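Visitor: One structure, pasted below without further comment.
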Amino acid sequence: MFKIMKTIDFSYFIERYNAGEMNEAEEKWFLKELDNNEKLRSEVKLRRKADMVLKNHNIIQLRNKLSEIERKRAAEKPVKNPVKRISLRYAAVIAGFILVGSITLYFNGRSLTTDEILDRFYKSYEVTSPPRSQQAILNSDYSTAIEYYNIHDYRNAALYFSKVLDTDPRFMESTMMKGVSNFEVRNYPDAKTSFIKVIDNNDNLFIEDAQWYLALCYLRTDEQEKAVGQLNAITKSESIYKKDARRIMRKMK
């Protein structure tokens, strides 16, 4: 049985987990695997970081070129019984899933430390779309701050977001990003101040994000009661973070 388990390609499941593509049963099994497999947890974290790097425009272009070369190379190869080969591949994956699931069924879920929770559920805030306001588009300091943020220089990013707010304190887009930048450098007091300001403003597009990050700040600063209260509020809302908030609460000590 254990020899069969070793043949499972966890890469397939790691990609689906990080991409949020797992169904409920598959995700439940994978989370149990993470609980009992430190090496797998490290691999998930490493893949997540690698995925972030791959979003760099130049690397994406290179990856697309390589993919095109690979597609052309594959097209030149004769294919024998493709349907049968694909069926066998997925049969092996499903068999492995059932085998491992039958074993891990006997392990109860355990509570996680704060670091383990954040390693598993935290994903860096991504700025993948144009600014949400004309105000941001026209502000050169904001553009500079975003450039620093996208190369993970969060200290300089926070500095430039602050410069924007010196001129316009009600610029919620910059307030949110300043909070995230401070969160990334573990400046949680300043981060919390930014997120609370966004939430209290109550008239912007970043309230859900700020509520989520405020909960994470409370976790990082060991304010368990506040963290639970914030996460519980998120689970009862229609927030995009509702599912992750529920998962964290199940794993908290």
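The values are calculated or read from the model by the stated rules, or taken from the named source; none is laboratory data. Since this is a predicted model, take the numbers as computed values, not measurements. Please note: Cβ atoms are built from the backbone with ideal geometry, for glycine as well, and neighbour counts cover all protein chains shown.
Visitor: Listed residues 231, 216; which is touching a residue at least 40 places away in the same chain (Cβ under 8 Å), under 14 Å from residue 114 (Cβ atoms), within 19 Å of the chain's Cα centre (by Cα) and part of a helix (DSSP H, G or I)? Show your work before the answer.
Guide: On the way: 231 fails: touching a residue at least 40 places away in the same chain (Cβ under 8 Å).
Of the residues listed, the single one that is touching a residue at least 40 places away in the same chain (Cβ under 8 Å), under 14 Å from residue 114 (Cβ atoms), within 19 Å of the chain's Cα centre (by Cα) and part of a helix (DSSP H, G or I) is 216.
Visitor: Which is outside the structural domain of residue 10 (by TED's automatic domain parsing), modelled with pLDDT of 80 or more, in a helix (DSSP H, G or I) and among the acidic types (Asp, Glu), of 126, 147?
Guide: 147
Visitor: Continuing with this model, one more query. Testing residue 160 on (1) buried (at least 22 other Cβ atoms within 10 Å of the Cβ); (2) of a type outside the set (Val, Ile, Thr); (3) out of contact with any Asp or Glu (no Cβ under 6 Å at 6 or more places or on another chain), one condition comes back false. Which one is that?
Guide: Among (1) buried (at least 22 other Cβ atoms within 10 Å of the Cβ); (2) of a type outside the set (Val, Ile, Thr); (3) out of contact with any Asp or Glu (no Cβ under 6 Å at 6 or more places or on another chain), the lone unmet condition for residue 160 is (3).
Visitor: Take the residues in the range 201-213 that are part of a loop (DSSP other than H, G, I, E, B) and in contact with a helix residue (DSSP H, G or I) (Cβ under 7 Å, 6 or more places away or on another chain); name whichever of them is surrounded by the most Cβ atoms within 10 Å (Cβ to Cβ).
Guide: Residue satisfying both the conditions and the ranking: 206.
Visitor: Report every pair of residues separated by at least 6 positions or lying on different chains whose Cβ atoms are under 8 Å apart, first residue within the range 11-31 and over 13 Å from residue 244 (Cα atoms), second surrounded by 13 or more Cβ atoms within 10 Å (Cβ to Cβ) and of a type in the set (S, T, N, Q).
Guide: 29/104
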